[in-house]
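Only one structure is covered here, and it is reproduced in the block below.
The values are calculated or read from the model by the stated rules, or taken from the named source; none is laboratory data. All figures in this text were calculated on a predicted structure; none of them were measured in a lab. Neighbour counts are summed over all protein chains in view; Cβ atoms, including those assigned to glycine, are modelled from backbone coordinates with ideal geometry.
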Amino acid sequence: MDHFARLGVPAALDLEPAVLDKAYFALQRRWHPDRFVGKPAEERARASTEAAALNDAYRTLKDPLARAVYLAGLKGVELPGDGKTIDDPELLMEAMESREALHDATTIEAIDSLADQARQQSQQALTALGSLFLRDDKPAIRKALLRLRYLDKFAEEAQGRRANLVKKVGIANG
């Protein structure tokens, strides 16, 4: 059973967070292992399995990028695993240039500006992804998701760079 069916929500890129939350919490109450403490071992095991599967489905569908990647997988779009080489020269060039700019950023404001740009680009790419799914354009979905993964990772790197700079500035001022 796929994550959407497990939670009883439509298999869609855009999900209302409140709808997802309501479905999850209703099912979680039903399958929570604490409700099965006095039950036979097979019922306890099933409750534990169901609760774990619900948690996994909820975690995946709650995050827009994870949901998009999951939905793409259901539609047969194959993405390289983490750490695999990306075969898109444009994306590789963009990544190299962005990482270089992040490396060269010497102020918190400069880092924040780069991170904001990445967040805006990510939001735009997520919005555009909807039409790609409607057209079932698998190559374009794949390309967009690879870029979204890169933007997500870049945001993490910017956050780490910012934290290191804050720490350095704090030490220098302390």
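Suppose we filter Glu100, Glu94 for residues that are assigned to a helix (DSSP H, G or I) and modelled with pLDDT of 95 or more; which single one remains?
Going through Glu100, Glu94 in turn, just one is assigned to a helix (DSSP H, G or I) and modelled with pLDDT of 95 or more: Glu100.
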>> Pull out all pairs, ordered by first then second residue, where Cβ-Cβ is under 8 Å, the residues are six or more apart or on different chains, the first lies in the range 35-49 and is under 15 Å from Arg6 (Cβ atoms), and the second is of a type in the set (Lys, Arg) and assigned to a helix (DSSP H, G or I).
In response: Ala47/Arg35
>> Could you tell me how many of the residues in the range 17-41 are at pLDDT 95 or above and charged (D, E, K, R)?
In response: 2
> Which condition breaks for Thr60 when tested against (1) at pLDDT below 95; (2) touching a Phe, Trp or Tyr at 6+ places or on another chain (Cβ under 9 Å)?
Replying inline: (1)
> Hey, among the residues in the range 124-137 that are surrounded by 14 or more Cβ atoms within 10 Å (Cβ to Cβ) and in contact (Cβ under 8 Å) with a residue 24 or more places away in the chain, which one's farthest from Val69 (Cα to Cα)?
Replying inline: Ala125
>> Tell me the residue from Ile141, Ile108 that is among the hydrophobic types (A, V, I, L, M, F, W, C) and within 17 Å of Ala68 (Cα to Cα), please.
In response: Ile141
> Limited to the range 46-91, what total is found for residues that are assigned to a helix (DSSP H, G or I), of a type outside the set (Phe, Trp, Tyr) and surrounded by 11 or more Cβ atoms within 10 Å (Cβ to Cβ)?
Replying inline: 27
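Among the listed residues Ala68, Ala101, Ala95, Ala52, which satisfies the condition of being in contact with a helix residue (DSSP H, G or I) (Cβ under 8 Å, 6 or more places away or on another chain) and over 15 Å from Ala144 (Cα atoms)? Don't jump to the end; show me each part of the working.
Values: Ala68 fails: over 15 Å from Ala144 (Cα atoms); Ala95 fails: over 15 Å from Ala144 (Cα atoms); Ala52 fails: in contact with a helix residue (DSSP H, G or I) (Cβ under 8 Å, 6 or more places away or on another chain).
None of the other options fit; the residue is Ala101.
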> Only one of (1) buried (at least 16 other Cβ atoms within 10 Å of the Cβ); (2) in a helix (DSSP H, G or I) fails for Ala5. Which number is that?
Replying inline: (1)
>> Among the residues of the range 103-112, are any buried (at least 18 other Cβ atoms within 10 Å of the Cβ), among the aliphatic types (A, V, I, L, M) and outside the structural domain of Ala11 (by TED's automatic domain parsing)?
In response: yes
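State the number of residues belonging to the range 65-118 that are basic (Lys, Arg) and more than 30 Å from Ala12 (Cβ to Cβ). Show your work before the answer.
Restricting attention to the range 65-118, the residues satisfying the condition of being basic (Lys, Arg) are 67, 75, 84, 99.
Still in the list and also more than 30 Å from Ala12 (Cβ to Cβ): 99.
Residues meeting the conditions: 1.
Hey, among Ala140, Ala144, which residue is of a type outside the set (S, T, N, Q) and in contact (Cβ under 8 Å) with a residue 12 or more places away in the chain? Spell out the reasoning first.
Numbers: Ala140 fails: in contact (Cβ under 8 Å) with a residue 12 or more places away in the chain.
Exactly one residue qualifies, and that residue is Ala144.
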